[in-house]
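The values are calculated or read from the model by the stated rules, or taken from the named source; none is laboratory data. If you're wondering where the values come from, they're calculated on a predicted model, not measured in any experiment. Quick reminder, even Gly has a Cβ in these numbers, built from the backbone with ideal geometry, and neighbours come from all protein chains shown. These area figures cover heavy atoms from the full protein model, side chains too; ligands, DNA and RNA do not enter into them. Shrake-Rupley method; radii C 1.70, N 1.55, O 1.52, S 1.80 Å.
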Amino acid sequence: MKSFFRYFSLFVFAALLLPASSFAQKATNAEKRIQELGIQLKPPGKPIANFVTAVTVGKLVYLSGHGPVQENGEYMKGKVGSDLNTEQAKEAARLTGISLLGALKSHIGDLNKVKRLVKVLGMVNAIPTFDQHPMVINGFSDLMVDVFGENGKHARSAVGVGSLPMNIPVEIEMIVELK
């Protein structure tokens with residue numbers, strides 16, 4: 001047991017000698033990744049009520065809830081578990097992520113200003129017996145990791161709701177930290 005503590009102590013001491021940058025997460029060029037993924041970001045439309053799409057407080061950007069906007073500019077619609085299956089809803093979450101990235105880019109100008117995603121709330125418009133909410137919101141989370149690398153990983157809640165505005169299947173809001 002003494003040898004374990006000796007080696008552990010040496011490991012801790014050696015770790016303290018390493019520069020802090022050795023532990024930093026590798027930066028990903030988010031703007032380049034968006035291009036490589038073939039994604040075109042569009043600025044958000046005007047809010048349908050009395051709110052703004054994004055607010056910056058210090059180094060945190062709070063983005064209002066967004067829904068899945070399709071290439072034709074229309075929202076994807078339907079209730080998960082009756083109108084849409086899990087895979088279709090997962091695609092809706094991905095589209096919602098693209099919509100949020102467009103709003104974020106419009107707000108901050110360059111996605112490379114993002115240090116990391118912090119927190120996400122994903123809401124799924126589902127029938128009462130549907131229980132795959134995390135699988136649906138993975139469509140969003142997977143996209144964020146594709147764009148931001150390890151810095152795209154985030155704390156998250158994925159919940160089911162009885163309805164969403166305009167009968168959209170998914171609504172997601174997020175908080176990001178700026179550099």
**OP:** Starting with the highest mean, order 112-122, 95-105, 57-67 by the number of other Cβ atoms within 10 Å, averaged over the residues of each peptide.
**Re:** 95-105, 112-122, 57-67
**OP:** For the range 45-127, just list the percent of Cα-Cα distances falling in each 5 Å bin from zero outward, please.
**Re:** 3, 13, 23, 23, 18, 13, 6, 2, 0
Subject >> Candidate residues Glu87, Glu71, Glu171: accessible-area rank, largest first, probe 1.4 Å >> reply: Glu71, Glu87, Glu171
Original post:
Past the 28 Å Cα-Cα mark, which pairs from Lys32/Lys90; Lys77/Lys115; Lys42/Lys79; Lys119/Lys179; Lys32/Lys119; Lys32/Lys79?
Top reply: Lys77/Lys115; Lys32/Lys79
Original post:
What's the carbon and sulfur percent of the range 24-179's accessible surface, probe 1.4 angstrom, rounded to a whole number?
Top reply: 52
Original post:
Hey, could you pull the Cα Rg and Dmax for the range 58-179, both in Å?
Top reply: 13.7, 42
Original post:
From the residues Leu60, Thr86, Gly73, which one has its Cα farthest along the dipole of the range 46-169 in the positive direction, the dipole being from +1 and -1 charges on Cβ of Lys/Arg and Asp/Glu about the Cα centre?
Top reply: Leu60
